[in-house]
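Here is the structure we will look at.
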Amino acid sequence: MPDAAFHSKVESVFRKVFDSETLTVKDETTAADVDGWDSLAQVNLIVAAEELFSVRFTTPEIRALKNVGDFKALIARKLEAR
């Protein structure tokens, strides 16, 4: 999947979870940068990404995430491993 298309799909997850069609995220974006990104939103992001990409994340993988770039890299690794 091309990088721009992949980023767009990941961004669509954020837009859905945060109910904002104008939300943009960068690889450096963290929870502190997005209004409403709390623990419940984190769970919703994980579930939405698992559904969209048909992957499953482990708790240690989720805990290791520091920003959107880490999240994208984790999703990409899961997709490559299929």
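The values are calculated or read from the model by the stated rules, or taken from the named source; none is laboratory data. This is a predicted model, so every value here is computed, not measured. Here the Cβ is made from the backbone with ideal geometry for all residues, glycine too, and neighbour counts use every protein chain on show. Protein only, heavy atoms only, side chains kept; ligands, DNA and RNA dropped before computing areas. Shrake-Rupley method; radii C 1.70, N 1.55, O 1.52, S 1.80 Å.
Observations on the model:
- Considering residues of the range 58-67 that are in a helix (DSSP H, G or I) and among the β-branched types (V, I, T) only, the residue most open to solvent (accessible area, probe 1.4 Å): T59
- So E21, is it in contact with a helix residue (DSSP H, G or I) (Cβ under 7 Å, 6 or more places away or on another chain) and either at pLDDT below 95 or loosely packed, with under 13 Cβ neighbours inside 10 Å (or both): yes
- As a summary of the residue check, K16 satisfies the conditions (1) exposed (fewer than 14 other Cβ atoms within 10 Å of the Cβ); (2) without any contact (Cβ under 8 Å) to a residue 40 or more places away in the chain except for the one numbered (1).
- The range 43-82, subset over 10 Å from the mean Cα position of the chain (by Cα) and among the basic types (K, R), residue nearest to T29 (Cα to Cα): K66
- Verdict on D70 being open to solvent by 40 Å² or more (accessible area, probe 1.4 Å) and assigned to a helix (DSSP H, G or I): yes
- The single condition among (1) closer than 22 Å to D3 by Cα; (2) part of a helix (DSSP H, G or I); (3) among the aliphatic types (A, V, I, L, M); (4) touching a residue at least 12 places away in the same chain (Cβ under 8 Å) that V55 does not satisfy is (2).
- Taken together, the residues in the range 43-57 that are open to solvent by less than 50 Å² (accessible area, probe 1.4 Å) and in contact with a helix residue (DSSP H, G or I) (Cβ under 7 Å, 6 or more places away or on another chain) amount to 7.
- Among (1) at pLDDT 95 or above; (2) open to solvent by 70 Å² or more (accessible area, probe 1.4 Å) - the single one R82 does not satisfy: (1)
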